[in-house]
Amino acid sequence: MKSNGIVGGGCDGCELMYVGMPNNIKAIDTSAGWAEKGQKLLVTGTVYKRGGKIPAPNVIIYYWQTDNNGYYSPKKGMDEKAKKHGHIRGWVKSDENGSYSIYTIRPAPYPNRNIPAHIHTSIKEPNLTDEYYIDGFVFDDDKLLTGTKRKALENRGGSGVLRVLIDKNMQVAEHNIILGLNIPNYPETSEIELNSGLEIGEDQPSFTPFHAFGPDKGTKTCPVCKYGRFHGIVYYVGNHPNWDTIKKWLTFLEAESINRNTYLKVYFVYGNDKNYSKNKRQKELETLGNELNLKNTALTFVPSFSDEESEVNLNKINPEVENTFIIYRHRAIINKFVNLTPTTKNYKLISQTLDKTKGEYFNLPEPRHH
């Protein structure tokens, strides 16, 4: 698609977000589908500015979806243009904390087609002329969402894959939106100066490092595949290891993992490609694990961070930085840090990130009835 300088490269159907748009849009919306037949669903999260750390207020999210039978079913009295999007459509505007919530039903897939069920979404930022679309919301447990279709997702605004939890008779999915992420012609650049690792809001990819020490010792085990339901910290070190720094970080992270029990999984991934030897690397990390008396932390390695066999290259780690910390929850990357020194301040920074998202879903907002 040619972008022609338009933010987002153009958006088929997004102009309909202005048809019937209320003058006063709230941070919580209850769709017309909420009172209809279907699995009740709450999608709730935070809209962040580029970089994924600063909440963005006053951002309009327009959504439209199929009904419980897989159709965009218009209703009598609807605007003729809006009928294309059906009657289950609506708007939310992020509040001062960037928060938003949509109460709706889970859409059904199109009949007799192999397209995963989805909720379309488009964005209008207060300071941009152009609206743009982000990845539609799809569902992690949808059998139609095959591996091939997952790899084809654009991650516009972050991963659109929803991982639902159950709250009584309602499914709940946390979904954060990162403005400008993977959006063509977006005017702002990332606030993260050092380029290493995927961005906040994207999904932590599957990869298979060799485990030299820890719970999966002697295997090539994918961290997120085995422990994706947990919080995870992946601590990458490449071509410039500072072993004193590494030992301090591993000691801290081991204590965090023990204190949080099964709630936190920690992985050290060593990717120094200089003078690489598998046997030497394995013995090196075994010695380190025994020296620090690690019990929970996995010490793993790959030949290099560009290695395609282990698929670690999908993580886009820069081997020339001293370290990269990726923190994920339910696969979604919730924070990252580059060249982080082992200080009390930075230990607290890691702990606060984990504490902030420790709970599943507490104090859920109430549906807003029209």
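Overview of results
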{"quantity": "Close pairs from the range 211-226: first farther than 18 Å from S257 by Cα, partner outside any loop (DSSP other than H, G, I, E, B) and of a type in the set (A, V, I, L, M), Cβ under 6 Å, at least 6 apart", "calculated": "A212/L285; A212/L299"}
{"quantity": "Of all residues in the range 273-303 being part of a loop (DSSP other than H, G, I, E, B) and touching a residue at least 60 places away in the same chain (Cβ under 8 Å), the one that is surrounded by the most Cβ atoms within 10 Å (Cβ to Cβ)", "calculated": "V302"}
{"quantity": "Count - residues of the range 15-60 that are more than 23 Å from the chain's Cα centre (by Cα) and either within 27 Å of N97 (Cβ to Cβ) or not acidic (D, E) (or both)", "calculated": "20"}
{"quantity": "Any strands (runs of 3 or more DSSP E) falling wholly within the range 154-225 and containing at least 1 residues that are of a type outside the set (S, T, N, Q) and closer than 22 Å to S304 by Cβ", "calculated": "210-213"}
{"quantity": "Filter pass, K283 being assigned by TED's automatic domain parsing to the domain that holds K217 and over 27 Å from the mean Cα position of the chain (by Cα)", "calculated": "yes"}
{"quantity": "Filter pass, L253 being among the hydrophobic types (A, V, I, L, M, F, W, C) and within 25 Å of the chain's Cα centre (by Cα)", "calculated": "yes"}
{"quantity": "Some residue of the range 151-159 being in contact (Cβ under 8 Å) with a residue 24 or more places away in the chain and more than 22 Å from A332 (Cβ to Cβ)", "calculated": "no"}
{"quantity": "Filtered residues of the range 317-340 (kept if farther than 26 Å from G45 by Cα and either in contact with a helix residue (DSSP H, G or I) (Cβ under 7 Å, 6 or more places away or on another chain) or not β-branched (V, I, T) (or both))", "calculated": "N318, P319, E320, E322, N323, N339, L340"}
{"quantity": "Residue match in the range 246-259 (condition: polar (S, T, N, Q), at pLDDT below 95 and part of a helix (DSSP H, G or I))", "calculated": "yes"}
{"quantity": "The range 59-98, residues that are among the aliphatic types (A, V, I, L, M) and within 22 Å of A35 (Cβ to Cβ)", "calculated": "I61, M78, A82, I88, V92"}
{"quantity": "Options D130, D135; residue that is part of a loop (DSSP other than H, G, I, E, B), touching a strand residue (DSSP E or B) at 6+ places or on another chain (Cβ under 9 Å), surrounded by 15 or more Cβ atoms within 10 Å (Cβ to Cβ) and modelled with pLDDT of 95 or more", "calculated": "D135"}
{"quantity": "Number of positions in the range 122-140 that are under 16 Å from the mean Cα position of the chain (by Cα) and of a type outside the set (D, E)", "calculated": "5"}
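The values are calculated or read from the model by the stated rules, or taken from the named source; none is laboratory data. Predicted model, so just to flag it, every value in this text is computed and none were measured. Every residue, glycine among them, receives a Cβ derived from its backbone with ideal geometry; neighbour counts consider all protein chains shown.
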